[in-house]
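Report on one structure; see the data block that follows.
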Amino acid sequence: MDADFITRSELQEIINARGEACVSIYLPMVRAGADVQGNVTRLKNALSEAQDSLQEWGWRQAEIDDLLARPRRLLTESPFWREQLDGLALFLSPEFYRSYRVPVEFEPLTLVAERFHIKPLLPLFTDDGRFYILALSKNQVRLFQGTRLAVDEVELEDTPLSMAEALWDDPERELQHHTTTSGVKGPGASAPEVVHHGQGTPDSEELHQLRRYLQKVSTGVQKQIRDEEAPLVLAGVDYLHPIYKEVDDSPHLLEEGITGNPDRSSAKELHEKAWSIVEPLFLEAKEEVIERYRQLAHREQASDNLEEIVPASVQGRVDALLVSIEAHRWGIYNEASHEIEVHDEPRPSDEDLLDFAAVQALSYGGTVYALEADEMPAESPIAAVYRF
């Protein structure tokens, strides 16, 4: 599967996947310009690294060629490279294949282990991670996915893209409301124009139409992002905000929104306005965890010791985890003795123990933040607050 939209449930599928060899590839991408061909070269080099690692694992060349066949086909698919975002993440094993174009610029990384490496994806789901912008007017519906640094439009599914489309075959519209129409119906016909009464607050007749339209939009958008915890910012003219909030009781929808006609704003302009709304929320949540760690750092309720944190994460004791997104600690966790072995350089049987601890914490419902090195509250690349 090749996609731009990675959901929390899909992240869980990646976490749960296991195999004889799981290949994780993260690459920075260029959206357009002279270096687009460099995107192809980066993937080609990453697949060569994966091949070398699989050979170290003892795989035969025929097995390697079979595993890498699908991503190798991407090297010659021109449409794929014309539609890149800021980062590309691929996950492949004999039983599993996923490819995601995401608005996050990754550091290049190719790993082979018994499970997939997910730490670079965590910013999409935590502190400066993903949020959504619903740009809504009578004439147009757009949904954007954003991070701190980037924004991209999401293709809407099962959602009307305008008020006219939403009410085209609405029985109540036919029975109760005035419309103008070309008199031609069918797939190739233009949608009817809903009669409006002025440019200000709608009258009772149009208000009824608006509610039905916004209800259909809300149902479609909620269905599409239902398993997400990311906030949703509404962009629209003043009077649409309270009406939309009447029909959308989603916990994603923020009280504060962007006012004005979003049809006149570019994705970049909407992103800047939305980020000013969501940034304090992300920072507050992250700072709360960091402050909790600092308060408990000298007690048994918190630790920055990798050898203590890894077993605790497996036992479900980690309530909140902070890991350095750039750092790696290669080694092995012994499930029988609950001891870890750390190596300076990765060996064929090793995995990143920081990533391992993050996966375990998430699996028990813990909160995990992947931070820049200078954001870590201790010199260690890992810090945890315990439940017990």
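Remark: the S337-Q215 segment gains 38.4 nm on full extension, using 0.36 nm per residue and subtracting the alpha carbon distance.
May I ask what percent, to the nearest 5, of DSSP beta bridges between residues of the range 225-347 are antiparallel?
Values: 5 of 8 bridges.
If we restrict to bridges inside the range 225-347, about 60 percent are antiparallel.
Listed values [x] 20.6, 68; [y] 24.4, 87; [z] 24.4, 77 include one computed from this model; for Rg and Dmax of the Cα atoms in Å that value carries the label [z]. Per-residue extension of 0.36 nm, minus the Cα-Cα distance of S9 and E107, leaves a gain of 32.9 nm for this segment.
If you take the beta carbon distance between H208 and E157 as r and set R0 to 25 Å, what does 1/(1 + (r/R0)^6) give as a FRET efficiency, to the nearest 0.05?
On the way: r = 26 Å, r/R0 = 1.05.
Efficiency, rounded to the nearest 0.05: 0.45.
Sites listed here are GluC sites (Glu not before Pro) in the range 275-316 whose DSSP assignment is loop and whose Cβ has at most 11 other Cβ atoms within 10 Å: E300. Applying the criteria of a DSSP loop state and at most 14 other Cβ atoms within 10 Å to the GluC sites (Glu not before Pro) of the range 9-39 yields no site.
A full extension of the chain between Q61 and L75 corresponds to an added length of 3.1 nm, given 0.36 nm per residue minus the alpha carbon distance. Rolling a 1.4 angstrom probe over the chain with all protein chains present gives an accessible area of which 46% lies on carbon and sulfur atoms. Ligands, DNA and RNA excluded, the heavy atoms of H338 present near 80 Å² of accessible surface to a 1.4 Å solvent probe.
More than 27 Å apart: what percent of Cα pairs in the range 232-388 qualify? Write down the numbers at each step before the final one.
Numbers: 5103 of 12246 pairs.
When all Cα pairs of the range 232-388 are counted, 42 percent exceed 27 Å.
For a 26 Å ceiling on Cα separation, which of these pairs sit above it: K119/K216; K119/K286; K245/K273; K216/K286; K138/K223; K138/K268? With Cα atoms farther than 26 Å apart: K119/K216; K216/K286.
Counted without the sites themselves, the longest stretch of the chain free of trypsin sites (Lys or Arg not before Pro) in a DSSP loop having at most 13 other beta carbon atoms within 10 Å is 61-184. Computed over protein heavy atoms with a 1.4 Å probe, the accessible surface of the chain works out to 48 Å² per residue. If you plug the beta carbon distance of N305 and D227 into 1/(1 + (r/R0)^6) with R0 = 41 Å, you get a FRET efficiency near 0.75.
The values are calculated or read from the model by the stated rules, or taken from the named source; none is laboratory data. Note that the coordinates shown come from a computational prediction; the quantities given were computed from them, not determined experimentally. Positions of Cβ are generated from backbone atoms using ideal geometry, with glycine treated the same way; all protein chains shown enter the neighbour counts. For accessibility, only protein heavy atoms count, side chains too; no ligands or nucleic acids. Shrake-Rupley method; radii C 1.70, N 1.55, O 1.52, S 1.80 Å.
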